[in-house]
Amino acid sequence: MHGRKRVKPTAEVEKLRKEKEASKIKEYNGIVAACFEKKNKCEYDKEAFMLTTKILSQNPDFYTIWNFRRLILLNEISSDSSEEEKQQKFYSELLFLQEVFRLNPKSYWIFNHRRWCLDTMPDPDWKSELDLVCKMLDMDARNFHGWGYRRYVISKLSCIDSDAINICRTEFDFTTTKINQNFSNYSAWHQRSKLLPKLVKDEQFDDQEKKNLVNREFELVKSAFYTDPDDQSAWLYHWWLIGREIRHISILGAYYDPQNRQIILAFDDEVGMLVPFQVACKNDTSQLKVVEGHWRSVSSDSDVRMHGFVWIFTLDMENDFVELVVTVRPEWIVSSHSEVKLFRNVQMNCHIGQSFKQEQDILLLMSPQTLTENTAILSPSPRFREDILPMTMQERIECLKCEIATVKELLEIEPESKWCLQTLTILLRELKYISGLNAKEAMNFDEEVITICDQLINLDKLRTKRFEDLRSKAIFETATSNLIQTSPDVPQEIVFKDNISLILEQFQFTLTSRNLTLIPTPSILLHIRILDLSHNKLTSIAFLSNLIHLQEANIRNNCISSVSGVNNLKFLRVLNIQSNLIESWGVIKNGFVKWQGGECKVYVSGNPFIDEAAGSELKWETEMNEVAR
């Protein structure tokens, strides 16, 4: 009782309690052993059934016993049993489950067994089940097991009730009631997200009715996060309601290297190759014919890892052709992100003149074009919950601006609301993507996101890494904006700015002292020769494998603990990894296994394994000579 001092039990009382518990445990173990003996002997009799009842009445999460109980029930209901007998048997089982629910109303196995009973019995009473789950949610409105079971019951009712539209409306109103009772009811918000598209479809709203409905949804979530801005439930529903554009995978550039007989493809996303891209060629007189060769990702030491940002195709033939063609189709690749897709069939080709064949260090640009044979692929990507509200791009932009204003208004009241700040970053990045901003406007958006991320890093120590990565993405996008441009053919895609044949000169990229934790799109740095990323917080240099022309890399004063991604960089001459977290010579040696380049100077002082006073430079030469051998 409240207000009473708690008295510590005496040693004698504690001893009696433990003896009683030991007796119960012994009895329970005996019942379990007897039940398993029945199970092993396939004895599906009444005694076995009673044993399962005793066990599950004490431990309703013992799923093996539930499985055995189902076998017993199926054995009892023979083919000779009448429909009435089967119905009565399962009705008794449902009553037993209601009793067991009292022990644990959030047990997966109880709900699973109840579903099985209802699906197996001749005439289940779905309306009674709905009444039962209503009572369950009245007791605990946030029982997500109960909400999942409710969706199951409603789906069954919809199949037998001709008035399915009213069922959907009733359920939608039910979620409104539960949300108004408690804005923190995430399960009710989730249920609402399942019902809203169905409601719009079933009731055949016109565009204005859809807009009115969605506006009411925005008002509801606004009320919720103004009431409690630190509760995640309404914010997550708001994110779902806003939706995200499906990004286009871009081919940043496609090139042919005549000297090495290689085709180079650079994507703006890490893609997997499901089917090898088709390569064909023709000479002065012949038609296009398929070229033999093999594709590999530069991120891989072998052909096993079939995904990456940059792909290289090595031809198994000499340069005795005048035109080279590469075809990439959406069904041949898979993105590393569910919201990113290739939306068109792309064909890239270049003409190879005789003057190029003997030149050194030349990349020939392969010009892309969209194939018109598959017009379905060319349809625009879905936007803003297309299943709820059709919206033009301009309307989408205005909606995002309105929501940004709403969130900023709340931030004036709650400047340290983590969910409010995080939502603002999502809205800003979404608006930046779809607005077609110029470089300066895009930079302003990125700077605002960077500032917000700095706030979040200080406010939310448990999610520091997430916000550091988001901040790094914004910084990288700003820093590389001069390397890329909007595709002249497809506004939703980007390409390298150098739309001419490229002579491999020294291109330098510097991004130092910005606390970068990752390089999100290393393929954008494909043409970089001199790289300076010193004084950041990078933990890996595996991204360097995409910089296939890299000559000098300064990664000093970061958090690197391994040397990966450099063994294929045949032009690399200087690698500065001083003052990192490398702990052994073996890590350095492993990084240069199968080294394909020439002489490379590697600066390693300031790492934990270096003892400056013990003649480490001599030891370094000895160790690396072993790698060379």
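Listed values, structure above:
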quantity: Residues of region 403-437 classified as within 27 Å of S481 (Cβ to Cβ), modelled with pLDDT of 85 or more and loosely packed, with under 14 Cβ neighbours inside 10 Å, total; calculated: 2
quantity: The one condition in (1) within 30 Å of the chain's Cα centre (by Cα); (2) surrounded by fewer than 16 Cβ atoms within 10 Å (Cβ to Cβ); (3) not hydrophobic (A, V, I, L, M, F, W, C) that S297 fails to fulfil; calculated: (2)
quantity: Any hit, region 63-70, residues being among the hydroxyl-bearing types (S, T, Y) and either buried (at least 17 other Cβ atoms within 10 Å of the Cβ) or farther than 25 Å from F101 by Cα (or both); calculated: no
quantity: Residue in region 145-163 that is among the acidic types (D, E) and either closer than 19 Å to R69 by Cα or within 35 Å of the chain's Cα centre (by Cα) (or both) present; calculated: no
quantity: Leading residue by the ranking (modelled with the lowest pLDDT) among those in region 366-393 that are open to solvent by 40 Å² or more (accessible area, probe 1.4 Å) and over 28 Å from the mean Cα position of the chain (by Cα); calculated: T375
quantity: Subset of region 344-360 [modelled with pLDDT of 55 or more and open to solvent by less than 70 Å² (accessible area, probe 1.4 Å)]; calculated: R344, N345, V346, Q347, M348, N349, C350, I352, G353
quantity: Region 520-546, residues that are open to solvent by 20 Å² or more (accessible area, probe 1.4 Å) and of a type in the set (A, V, I, L, M, F, W, C); calculated: I530, A542, F543
quantity: Residue list for region 40-59, filter: under 19 Å from I25 (Cβ atoms) and open to solvent by 100 Å² or more (accessible area, probe 1.4 Å); calculated: K54, Q58
quantity: Residue check for S78: in a loop (DSSP other than H, G, I, E, B) and free of Cβ contacts under 8 Å to residues at least 24 places away in the same chain; calculated: yes
quantity: Cβ pairs under 9 Å, 6+ apart, first in region 570-581 and free of Cβ contacts under 8 Å to residues at least 40 places away in the same chain, second among the aromatic types (F, W, Y) and in a strand (DSSP E or B); calculated: V574/Y603; L575/Y603; I577/Y603; Q578/Y603
quantity: Region 564-579 - residue that is touching a Leu at 6+ places or on another chain (Cβ under 7 Å) and among the hydrophobic types (A, V, I, L, M, F, W, C) and, of those, surrounded by the most Cβ atoms within 10 Å (Cβ to Cβ); calculated: L572
quantity: Cβ-Cβ under 6 Å pairs, at least 6 apart or on other chains, region 292-309 side hydroxyl-bearing (S, T, Y), far side at pLDDT 90 or above; calculated: S297/G308; S297/W311; S299/G308; S299/S545
quantity: Hits in region 552-563 - residues which are buried (at least 17 other Cβ atoms within 10 Å of the Cβ) and under 32 Å from the mean Cα position of the chain (by Cα); calculated: A553, N554, I555, R556, N557, N558, I560, S562, V563
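The values are calculated or read from the model by the stated rules, or taken from the named source; none is laboratory data. The model shown is predicted, which means the values in this text are computed figures rather than measured ones. Reconstructed Cβ throughout: ideal geometry from the backbone, glycine too, with neighbour counts over all protein chains shown. For the accessible areas, the whole protein counts, side chains as well, though only heavy atoms, and no ligand, DNA or RNA atoms are used. Shrake-Rupley method; radii C 1.70, N 1.55, O 1.52, S 1.80 Å.
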